[in-house]
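J.: Please find one structure pasted underneath; my questions will follow.
The values are calculated or read from the model by the stated rules, or taken from the named source; none is laboratory data. Values in this document were obtained by computation on a predicted structure and should not be read as measured data. Neighbour counts run over all protein chains shown; Cβ positions are idealised from the backbone, glycine included. In case anyone asks, the SASA skips ligands and DNA or RNA and just uses the protein heavy atoms, side chains included. Shrake-Rupley method; radii C 1.70, N 1.55, O 1.52, S 1.80 Å.
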Amino acid sequence: MLARFLVLFLLAGLVPLLGAPGVARAASGCSGRPAKTVGFSTGELRVYKSRAHVCAVTVAKKPGKRRTMSVTLQARGGRAVSDKGKYTKMAGPVTVDALNRCVRATGAIGKKSASTGWILC
């Protein structure tokens, strides 16, 4: 009985330590380094770059209320990839292959939106 209690106690202490990196990834939903952030009145459009991929998300400034959100990402010469729906915190992530290609991203929350234009060229 005492051994079980000690094991549970130790595991409970490790859970926050083990969960911390996952929480950081879940906040953005994208891997890679931040490449561009464009703010607008209701949120932010965030773009991340890894070696061969680009990822984008739209994040609400005030999460909680379910509302229409979208994020669209397109590599030059490729089709646009998007995620649109009614979300509380974030639309996306969406990812495109973009090795040595420019990309453009657009994010919207409600009727407010932001766009990057062509970047990472």
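J.: Just one of the numbered conditions (1) open to solvent by 40 Å² or more (accessible area, probe 1.4 Å); (2) among the hydrophobic types (A, V, I, L, M, F, W, C); (3) part of a strand (DSSP E or B) is not true of Cys121; which one?
T.: (3)
J.: Counting just the residues of segment 61-83 that are open to solvent by 10 Å² or more (accessible area, probe 1.4 Å) and in a strand (DSSP E or B), which one comes out farthest from Cys121 (Cα to Cα)? Spell out the reasoning first.
T.: Within segment 61-83, the subset open to solvent by 10 Å² or more (accessible area, probe 1.4 Å) is 61-68, 70, 72, 74, 76-83.
The next check asks that each one be in a strand (DSSP E or B); those that pass are 67-68, 70, 72, 74, 81-83.
Values: Arg67: 33, Thr68: 30, Ser70: 24, Thr72: 18, Gln74: 13, Val81: 19, Ser82: 21, Asp83: 24 Å.
Applying the filter and picking the extreme gives Arg67.
J.: Here's something else I'd like to know. Kindly provide the set of residues from segment 95-105 that are closer than 20 Å to Val38 by Cα, open to solvent by less than 90 Å² (accessible area, probe 1.4 Å) and over 13 Å from the mean Cα position of the chain (by Cα), ordered by number.
T.: Passing the criteria: Val96, Ala98, Cys102, Val103.
J.: Which residue pairs have Cβ atoms under 6 Å apart, sit 6 or more places apart or on different chains, and have a first residue in segment 23-40 that is open to solvent by 50 Å² or more (accessible area, probe 1.4 Å) and a second that is at pLDDT 95 or above and of a type in the set (Phe, Trp, Tyr)?
T.: Pairs that qualify, where the first residue is open to solvent by 50 Å² or more (accessible area, probe 1.4 Å) and the partner is at pLDDT 95 or above and of a type in the set (Phe, Trp, Tyr), are Pro34/Tyr48.
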